[in-house]
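The values are calculated or read from the model by the stated rules, or taken from the named source; none is laboratory data. Given the structure is predicted, the values throughout are model-derived calculations rather than measurements. We place every Cβ from the backbone using ideal geometry, glycine too, and count neighbours over all the protein chains shown.
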Amino acid sequence: MKITTATPADLDQLLAFREEAASWISALGSDQWSRPYPADRLLVTIEAGTVFMLRDGGRTAGTVTLTPEVEEGLWSDEELAEPSMFINKLTVARDYAGRDLGSRLLDWAGDRAYRSAAKWIRLDAWTTNQRLQRYYLDQGFQHMRTVLEGSAVNGGPRVSGWLAQRPARLADHGFADETPSPEPLWA
């Protein structure tokens, strides 16, 4: 399997992944991703070069977004002073479930972050999705805190404010990485 940078031609696949994941998560009893993700916002992240696709021949097995950009109001100024990359929208196609691809994508993200001179990979997870939170803890992330107020979207309670981090590090993820080498983002 190989990792490539997403292109605008991947937009429909990414939106379909989101719908598939939302349906699966809903069947598990979570309201995570119950609202459709705006295609225009996703296209902006694709064009910024922060969305990556895991490809298995002609099929897409998964995706992850890795960015130095952070959602306002989640991390403290002290934390933001440390070089960090942020993981978003990690998704594995249901046809590929149970193959440890999510864990390997997290390792790839940590490896890429490390090569960008980041100290941490960080994420925010759905505040009520304890199964997802446990997954990240099992992947070596440390829960930092849960932020419940200050949603940038609607001014109401934040729904994705469970914050976790783990050190960025080199990893043997086993994927052929066909993305451009990351530029060091910090001196």
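See the values below:
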read-out	value
Residue check, Leu123 of a type outside the set (Val, Ile, Thr), in a strand (DSSP E or B) and in contact with a helix residue (DSSP H, G or I) (Cβ under 9 Å, 6 or more places away or on another chain)	yes
Top-ranked residue in region 70-105 [being aromatic (Phe, Trp, Tyr) and under 15 Å from Ile121 (Cα atoms); ranked as modelled with the highest pLDDT]	Phe86
Filter result (of a type in the set (Gly, Ala, Ser), surrounded by fewer than 17 Cβ atoms within 10 Å (Cβ to Cβ) and at pLDDT 90 or above) within region 40-68	Ala48, Gly49, Gly57
Pair list, Cβ under 8 Å, 6 or more apart: region 61-78 residue over 27 Å from Met1 (Cβ atoms), other residue of a type in the set (D, E, K, R) and assigned to a loop (DSSP other than H, G, I, E, B)	Gly73/Arg158
Check on Tyr114, out of contact with any helix residue (DSSP H, G or I) (no Cβ under 6 Å at 6 or more places or on another chain), at pLDDT below 95 and part of a helix (DSSP H, G or I)	no
